[in-house]
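Q: This structure is in structure tokens; I'll ask about it shortly.
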Amino acid sequence: MPLVTTKEMFRKAYEGGYAIGAFNVNNMEIVQAITEAAQLEQAPVILQVSAGARKYAKHVYLTKLVEAAVLDTDVPIALHLDHGDGFEICKDCIDGGFTSVMIDGSKLSFEENIAVTRKVVEYAHERGVMVEGELGKLAGIEDAVNVSEADAQFTNPAEVEEFVTRTGVDSLAIAIGTSHGAYKFKPGQKPQLRFDILQEVSERLPGFPIVLHGASSVIQADVETVNRFGGKMPDAIGIPEEMLRHAAEMAVCKINIDSDLRLAMTAAIRQHMAEHPDHFDPRQYLTPARDHIRELVRHKMHDVLGCSGKA
């Protein structure tokens, strides 16, 4: 099965009350773990690449890894650019084989955001590629995205209809309380998503796919493993998985997960090296890392996103 766009994925997800997992990839082991999980769960999946990942691994290496994953599985796979910060990076990815791109104009004014998003949409749609836009600003740090808590802004539901109509985007990322990175909330701060905003957005855009960024749950067991075997992570509180499941039952068709993957990989490697300090073969410590990511992704697909069996 060749790479697919997100159009049909999102239609089925909206109608079925589940979400597609969009998992960030940086190397071979992560690509393998995610796609093995999708194959085992018979779930559609989005492999997404950030600007930081392209800088680290190079565009051609990542696309070839994804091509190999497509040959090795029979589930729908889309290749998506995460947080493209301008027209040129979106164009590069469209020309380079991506089936979906995100243009993140959230740092711009409303009119500037519309202008750059519309430019990307026109270029992408001529080539059969889907486009995700964003309204609102998520707090947190992840790769090149760095937004302070003071600068974070919830999405204004009153703007979504005009934005979607004038840009022609295929999906919309909104800010309702999720945040990028592992350190999502201060000690004693209770995670809470603004489902009232999500509800109003879905009413204003009936049938339209909504996206949640910064949706890692920061699995506590992995935080403890990192700490136990030499890490320095403080206790971290992520988005409760039951909240994400509820969002998927509403209008959210795509949920982005990155920090949980990084944490799972780091925890497995730290544990392996602490227990086997004489090992120096990367295959020895990357195998459990890959296995740990695979099982985490299976859990997300089956228990949180609800997309298992939907391939």
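Q: Could you tell me the distance between the Cα centroids of region 246-311 and region 90-118, to the nearest Å?
A: Cα centres, region 246-311 to region 90-118: 28 Å.
Q: Within the accessible area of the chain, what % is carbon and sulfur when the probe is 1.4 Å and the other protein chains stay in place?
A: That share works out to 52 percent.
Q: When the dipole is taken about the Cα centre of the chain, and only Lys, Arg (+1) and Asp, Glu (-1) are charged at their Cβ, what size is it in debye, to the nearest 20?
A: Numbers: 31 positive and 45 negative charges, 53 e Å.
The dipole of the chain has a size of about 260 debye.
Q: With N set to the number of residues, divide the alpha-carbon radius of gyration of the chain by 2.2 N^0.38 Å and report two decimals.
A: Ratio of Rg to 2.2 N^0.38 Å for the chain: 0.95.
Q: Under a 1.4 Å probe, what is the accessible area of region 1-138 per residue, stated in Å²?
A: 40 Å²
Q: Hey, can you find the accessible area per residue of region 232-302 for me, probe 1.4 Å, expressed in square angstrom?
A: 47 Å²
Q: Could you compute how much accessible surface PHE208 exposes when probed at 1.4 Å, giving the result in Å² to the nearest 10?
A: That residue has around 30 Å² of solvent-accessible surface.
The values are calculated or read from the model by the stated rules, or taken from the named source; none is laboratory data. The model shown is predicted, which means the values in this text are computed figures rather than measured ones. Note: ideal-geometry Cβ built from the backbone for every residue, glycine included; neighbour counts use all protein chains shown. SASA here: full protein model, heavy atoms, side chains in, ligands and nucleic acids out. Shrake-Rupley method; radii C 1.70, N 1.55, O 1.52, S 1.80 Å.
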